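Inspection log for the structure reproduced underneath, given as structure tokens.
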Amino acid sequence: MTAEGFGKTKVVDHLNNSGIKPFSKAKRWHASYVQKLMANQNVLGHLATTRRVDGKPTPGEIIENYYPAIISEKLWKDAHACRAAQNPARNKK
């Protein structure tokens, strides 16, 4: 849905109205959780490791195909491209 231009609120409404259960223990989908899923490469099956450097977590390696993917990489990229086009300020970090 995000790849089709729908924002997280519309996605949440659709999931809740369709009776699709969240992955967590929550009773309903929430926009913050959908946003977290949209930004996380774990949905592609990748594991992003971290390690501690001077006591602080630091990004490590990405292990591809660690988990079963729940969406395709093309769909994930399309969704991110659509979100970036809707809000160019999101890419200026």
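Each reported figure results from applying straightforward, stated rules to the coordinates on display, with no laboratory input. All values derive from a computational prediction rather than experimental measurement. So basically every Cβ, Gly included, is an ideal-geometry build from the backbone, and we count neighbours across all protein chains shown.
Here r is the Cβ-Cβ distance between S18 and C82 and R0 is 25 Å; the resulting FRET efficiency, rounded to 0.05, is 0.75. Fully extending the segment from V53 to K27, taken as 0.36 nm per residue of separation minus the present Cα-Cα distance, adds 5.6 nm. When you filter the GluC sites (Glu not before Pro) in the stretch 1-66 for DSSP loop state and at most 16 other Cβ atoms inside 10 Å of their Cβ, you are left with E64. Residue ranges 53-60, 34-41, 66-73 sort as 34-41, 66-73, 53-60 when ordered by packing (mean number of other C-beta atoms within 10 Å per residue, highest first).
Counted residue by residue at 0.36 nm each, then reduced by the alpha carbon distance between them, the extension gain from A39 to S72 reaches 10.5 nm.
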